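One structure is given here, and the rest of the page talks about it.
The values are calculated or read from the model by the stated rules, or taken from the named source; none is laboratory data. Computed from a predicted model, the values in this text were never measured in an experiment. All Cβ positions, glycine included, derive from the backbone under ideal geometry; neighbour counts span all protein chains shown.
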Amino acid sequence: MRFVSYGARRELATALKAVYRADTVQQAEKAPDAFEEQYGRDYPAIVRSWRTNWERITPFFDFPKDIRRAIYTTNAIEALNRQLRKALKTKGPLPSEEAAMKLLWLTLRQATARWSMPIKRWDLALKQFAIRFDGRVAV
């Protein structure tokens with residue numbers, strides 16, 4: 001979405017959902033073509049990005065929908081990274097690497113205290129992980 005103006009992001013995000021919410025790889029392969037027909041002239045960088053990275057995206061469709069939803073739910077990760085960057089940035093230069101590690105540890109403790117919302121439908125995804133990765137995921 002970095003190639004898109006703020007006002008057009010919602011519309012384009014909706015159009016791109018057809019790609020990553022597709023049930024099969026075959027359905028997903030048709031979606032970039034439809035996106036390109038509608039938005040390709042205005043946003044060629046997005047189309048090029050999807051085409052260039054397509055081989056990296058397709059293994060994603062080997063997983064059931066419940067696992068895919070858990071995989072692409074990155075808001076929590078991004079929020080945590082933002083908190084860690086902010087903690088280091090606002091303190092200025094630290095005297096040692098150990099001081100930075102302590103600051104990050106304290107920031108992580110504060111962040112985990114605020115975690116209250118589980119990933120939607122995590123129980124279904126966990127069961128799928130247990131089936132798919134037998135012996136590696138405890139249920």
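Observations on the structure shown:
- Failed item, numbered, when Glu29 is tested on (1) surrounded by 14 or more Cβ atoms within 10 Å (Cβ to Cβ); (2) part of a helix (DSSP H, G or I); (3) in contact with a helix residue (DSSP H, G or I) (Cβ under 7 Å, 6 or more places away or on another chain): (3)
- Sole residue being outside the structural domain of Thr112 (by TED's automatic domain parsing), loosely packed, with under 11 Cβ neighbours inside 10 Å, at pLDDT 85 or above and within 16 Å of the chain's Cα centre (by Cα), chosen from Thr52, Thr14: Thr14
- Qualifying residue in region 42-54 (condition: touching a helix residue (DSSP H, G or I) at 6+ places or on another chain (Cβ under 9 Å) and outside any helix (DSSP H, G or I)): yes
- Annotation for region 117-124: at least one member residue is of a type in the set (A, V, I, L, M) and surrounded by fewer than 10 Cβ atoms within 10 Å (Cβ to Cβ).
- Ala18 touching a residue at least 40 places away in the same chain (Cβ under 8 Å), assigned to a helix (DSSP H, G or I), out of contact with any strand residue (DSSP E or B) (no Cβ under 8 Å at 6 or more places or on another chain) and over 19 Å from Lys120 (Cα atoms): no
- Residue within region 120-135 that is under 30 Å from Phe61 (Cβ atoms), in a helix (DSSP H, G or I), over 21 Å from the mean Cα position of the chain (by Cα) and among the β-branched types (Val, Ile, Thr) present: yes
Here is a yes/no grid of residues against (1) in the same structural domain as Val19 (by TED's automatic domain parsing); (2) in contact with a strand residue (DSSP E or B) (Cβ under 8 Å, 6 or more places away or on another chain); (3) surrounded by 11 or more Cβ atoms within 10 Å (Cβ to Cβ); (4) closer than 29 Å to Lys17 by Cβ:
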position	(1), (2), (3), (4)
Ile67	no, no, yes, yes
Ala79	no, no, yes, yes
Gln83	no, no, yes, yes
Ala87	no, no, yes, no
Thr90	no, no, no, no
Pro93	no, no, no, no
Ala113	no, no, no, no
Lys127	no, no, yes, yes
Arg136	no, no, no, no
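- Beta carbons closer than 8 Å, at least 6 apart along the sequence or on distinct chains, never pair a first residue in region 96-111 that is in contact (Cβ under 8 Å) with a residue 40 or more places away in the chain with a second that is in a helix (DSSP H, G or I) and among the basic types (Lys, Arg).
Listed here are the residues, each with its yes/no results for (1) touching a Cys at 6+ places or on another chain (Cβ under 7 Å); (2) at pLDDT below 90; (3) more than 30 Å from Ser5 (Cβ to Cβ).
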| position | (1), (2), (3) |
| --- | --- |
| Lys30 | no, yes, no |
| Gln83 | no, no, no |
| Pro95 | no, no, yes |
| Asp134 | no, yes, yes |
| Val139 | no, yes, yes |
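- Residues of region 109-119 that turn out to be of a type in the set (Lys, Arg) and assigned to a helix (DSSP H, G or I), as a count: 1
- Any hit, region 99-111, residues being closer than 30 Å to Ala8 by Cβ and under 22 Å from the mean Cα position of the chain (by Cα): no
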